[in-house]
Each structure stands twice: as C-alpha cells, then as structure tokens.
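One structure is given here, and the rest of the page talks about it.
Where a number appears in this text, it was derived from the coordinates with a stated rule and is not lab data. The shown structure was predicted, so the numbers you read here are calculated from the model rather than taken from an experiment. Here the Cβ is made from the backbone with ideal geometry for all residues, glycine too, and neighbour counts use every protein chain on show.
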Amino acid sequence: MTETLFYHLERRSLDDALPPLIEKTLERGWRALIHADTAERADAIDTRLWTFNDGFLPHAQQGDGDPARQPVLITAEEGNPNGADVLFLVGGAAAPAWNSEAARAFTRIVLIFDGRDPANVEKARAAWKEAKAAGHEVTYWKESPTGKWEKQG
C-alpha cells in the first residue's frame, strides 16, 4: 500500500512548509505532483517555488509545456500527468479514492493541512480514516515548538 503522511501545520504556513518537502522529494530522485484545491492556490505555489531559497525548484503548472517532462507539476485537476511518485495534497484538495489504483500508484501521498482551519482539520481526519481503512500505511507529523516535524505515536 501507499505510504501516506499527514502534516499538521500549526506554526508555519503552507508557503514555508511545502518547498522543503518538495526539495527532499527531488533529492530522493522522485517526481512530485502538487494537487491544490484551487487554481489560485496553484498560482501561489508556482510563485513560491520560483523564489524558494533564493533560487527555485524545477517545476511547472498544468498546461505549461509537456507535463511528462516536469519533475514537479502543480495542478488543481485530478490525474497524474507527470508520472509522479509522490502526491502532495494541499488546501483541502481531495485524494483519489483511497482504495483505487490511482491512489495505490503513488509511492507516497502527503496531505498537508492547516490546523488553524477547522474545516481543513475535519477533512484531514476523514481522509485519515479512509486511508487507514483502505490499508495504507499512515503516519501523522506535527510541528514541534522549535518548528521541526515530529512523528506522533
């Protein structure tokens, strides 16, 4: 089954938390698909990745060139047009059905949710239950007071 990680934002913003996770994904030789809940959020992520760490992370948005050539693709649409290994779900974007081949095709699914948004927390809780029921290996990561990610029991 797919390794599924839930990242609970409490202190950092998505703009601060997402780029380092994408960078680590690329360091492993994996391709990433960032599924945003809206086109506006996809645009914001695109802008952020162009300026991360006084450089940029190689990426494109859906519709910009050949998606199969992109190590990181940002989209608000379903599918896996760049053959990604890792699916990042942000802003409350829904996962493919947890018991589907589409979900199982990813090596890892990373759901990042804002703990300051009650609706986002409820969506994440529901996704946790569905992923676990479908047999995925799920883990929960929370920010420590120092801002590091800590795996919770």
By the mean-Cβ-within-10 Å protection proxy, highest first, 35-41, 82-88, 117-123, 59-65 rank as 82-88, 35-41, 59-65, 117-123
Computed, not fitted: 222 nm per-residue ellipticity of the chain from DSSP H runs ≥ 4 (each -39500 (n - 2.57)), nearest 500, equal to -9500 deg cm²/dmol
Spatial extent of the stretch 103-151: Rg and Dmax, with the Cα atoms as the point set, Å: 12.1, 35
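Using the Cα centre as the reference, give the magnitude of the dipole from point charges on the C-beta atoms of the chain (Lys, Arg: +1; Asp, Glu: -1; all else neutral), rounded to the nearest 20 debye.
Details: 18 positive and 24 negative charges, 116 e Å.
With only Lys, Arg, Asp and Glu charged at Cβ, the dipole is about 560 debye.
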Centre separation in Å (Cα based) which lies between the stretch 122-149 and the stretch 50-68: 27 Å
Alpha-carbon spread of the chain, three principal axes, descending order, Å: 39, 37, 28
Step through the residues of the stretch 120-135 one at a time and calculate ³J(HN,Hα) from phi using the Karplus curve (6.51 cos²θ - 1.76 cosθ + 1.60, θ = phi - 60°), rounding each to whole Hz and writing x for Gly and Pro. 5, 5, 5, 4, 5, 4, 5, 5, 4, 4, 5, 5, 5, 5, 7, x
The chain - share of DSSP beta bridges that are antiparallel (%, nearest 5): 10 percent
Rounded to whole Hz, the Karplus (6.51, -1.76, 1.60) HN-Hα couplings of the stretch 83-100, x for glycine and proline: x, 5, 8, 10, 9, 9, 9, 10, x, x, 4, 7, 6, x, 3, 4, 9, 8
Two pseudo-spin positions, 7 Å from Cα along C-beta at D15 and at S144, lie apart in nanometres by 2.7 nm
